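One structure below.
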Amino acid sequence: MFGGPGMRWLMMLLGLTLVWNIFTLRPTTPSIDLPYSAFLDQVQAGNVTKVELNDQQVRGVLTTPVEAPAGETVSGGTLFGDAPTKADQFTSTIPTVGDQTLLPLLREKKVEIVASVQNPSIFWNILLSFGPVLLIGGLFIYMMRQQSRGQQNVFSFGRSKAKSHTGETPTVTFGDVAGAEESKRELTEVVDFLKNPDRYKRLGAKIPRGVLLVGPPGTGKTLLARAVAGEAGVPFFSTSASEFVELFVGVGASRVRDLFDQARRNGPAIVFIDELDAIGRQRGAGMGGGNDEREQTLNQILVEMDGFETAVVPVIVIAATNRPDVLDPALLRPGRFDRQVTVGLPDVRGREAILRIHLRGKPVSTDVDASIVARQTPGFAGADLANLVNEAAIHAARHMARQVTAQHFREALDKIVLGTERPVLMSEQERTVIAYHEAGHALVSSLLPESDPVNKVTIIPRGRALGVTEYLPEGDRFNYSREFLRSQLATLFGGRAAEQVAIGEITTGAENDLQRATQLARRMVGRWGMSDEMGLLFASEGAENPFLGREMAGPRDHSEATAARLDDAVRKLLDERMHTAIELLTSNRGTLDHLATALLEHETLDRLQVEAIVRGEDLPPPTKGTAAPITLPPSDRPAPRPRPGIMPA
């Protein structure tokens, strides 16, 4: 920044300014400005030895210095010190009407007369002569350059904006990717083909021209594509599908052509297109918001992928999407995206490996066990685990700690899963209702053998909920039994059932529980065949089209009579599970009261404390220093708050 040409020009300008000031402010001979009459008096007195006449200006030298007249000042002198009061040089102005007696008087007094003519400088003459021409020429050159730059931008408008990475310095390899072992095995063949193409050509095998990575957001699809390029050591062109779409029709197709031309010139190479569904949606979908530009871009991609000369220059396209259901069928046919690799959520071993990668280089305490954290985070994607490690580091920095401890991980996990704690003023009656509500969820789950164990129960407001019950599955589930789902329904109704059994009044706190229970029951009856009334019938709701929302869903695939039977079966299932929850809490009323009282005292109970209460054991009193709950008298109850609810594992 300080050594560029602009800085050198600035230093030169400052130097010239300094030199100009030195010459301008240098010490000069003192001089006074005399009126014309005073000048004539000095000539008559013989005190003038020399004059210089220049038009109407007179400069002269005095024999004896004189003081400045009243109201006049002495110019020139030294830079520092007092200004002079006398001067032996003067200036004066000849009247415009002229004076015919001046020259005879000067000759009479023996004054040396010098005549001069003031000519403009050469620079000024050149500036006056050629200045307008130079100004017009400079303006013309500037306009030509701007026009040329605009033409270059027009011609480069259709060029690809893909970022190119050479294979000489790979930054990501398969060693940096964890939790996706099956996906890495699928992509290993792609890497091996780029490294050893002759091995496959001898056997007549053809590597897939396109690989589509499918999976939920945050599972590492982009990271896998970068790892393939890093392992293969080939150029890697990465872009997003949204960068192809512009206002002008044809620009996207032009950019596709330019992208594949660059890949062929640098082949073998890998082209990665992220979020393929932005341009790969089904053509003619109507409600999908299609336009000519997007469809032309998609057509160009189809043509480019079908026209690869893999025997000459191998170019492999890797694309990623989390919406494979909206893609055009032409993209998925053989010869284009031949292979689809599913990048799913990691299991417990994958989560442990991902955590170990994100813990590299961080000051982590010895009490942090990645395997324990992995078991506590079922359903977390790679991005979620990275966020968990970052939140734990933030909590450690907030507490001025030198290392990230297990406690910081617990706080970070509670914040992500349960929400941020927020102080809310509530009455003792509201706290009691919330305590029984959450105690009902926890107790029903503990009494049903098929339910997930309770990990934590709290009546401290978090996020939008006034109370939360957290469950921790003992292992990853990929298939759910009917008995497990029925237990889930009873657990969801545990809060409402506890309010009826213990309080004798129901509140709005079960809104989220009712919504989730109804959705689960409808899937059990209409999709999974878990109802005796409906049998094995699959009853869709007309919303399978991904381009149509539920409000604009198409017609159902069953009659109105079947829909009425389905509603009756759902209501029957919900009523039966609600009755089960009420029976469980009624027969265990003492345990319910004990659990609610413990929540009012401790505010938060962990798994061991809940299990101890269910066994009939008493908990020790809260330790000193525990924040006392903030309560208000019933007459000062605030406005209704967000409902209490449960948080799924």
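Taking a point 7 Å from the Cα of Thr420 along the Cα-to-Cβ direction, the residues of the range 443-472 with backbone N closer than 14 Å to it are 462-465. Can you check what the net charge comes to around Ser371, using other residues whose Cβ is under 10 Å from the Cβ of Ser371 (Lys, Arg +1; Asp, Glu -1)? Net charge around Ser371: +2.
The tail of the calculated P(r) for the range 348-417 beyond 16 Å holds 37 percent of all Cα-Cα pairs.
Can you give the net charge of the other residues whose Cβ lies under 13 Å from the Cβ of Val454, counting K and R as +1 and D and E as -1? Surrounding charge for Val454 is -4. With contacts taken as Cα pairs under 8 Å at a separation of at least 6 residues, the range 348-417 carries a relative contact order of 37 percent. A prolate overall shape is assigned to the range 326-365, the ratio a/c of its alpha-carbon gyration tensor axes (a ≥ b ≥ c) being 1.5 or greater and a/b exceeding b/c. Note on Arg185 and Arg402: with the Förster distance fixed at 30 Å, the Cβ-Cβ geometry gives a FRET efficiency of about 0.15. By the count of neighbouring beta-carbon atoms within 10 Å, fewest first, His594, His441, His408 end up ordered His594, His408, His441. Counting beta carbons within 10 Å around each of Val114, Val570 and listing the fewest first gives the order Val114, Val570. The Cβ shell under 15 Å around Pro329 holds other residues with a net charge of -1, Lys and Arg each +1, Asp and Glu each -1. Between Asn387 and Val133, 0.36 nm times their residue separation minus their Cα-Cα distance comes to what? Extra length from Asn387 to Val133 when fully extended: 84.9 nm.
Annotation: for a label point projected 7 angstrom from Cα along Cα→Cβ of Arg571, no residues of the range 481-498 have a backbone N closer than 12 Å.
As a ratio to 2.2 N^0.38 Å, the alpha-carbon radius of gyration for the range 294-443 is 1.62. By the count of neighbouring beta-carbon atoms within 10 Å, fewest first, Ser540, Ser254 end up ordered Ser540, Ser254.
Values quoted throughout were computed directly from the atomic coordinates according to the rules given, and no laboratory measurement underlies them. In this text the structure is predicted, and so the values were computed from the model without any measurement. When we count neighbours, we look across all protein chains shown, and the Cβ atoms used for this are built from the backbone with ideal geometry, even at glycine.
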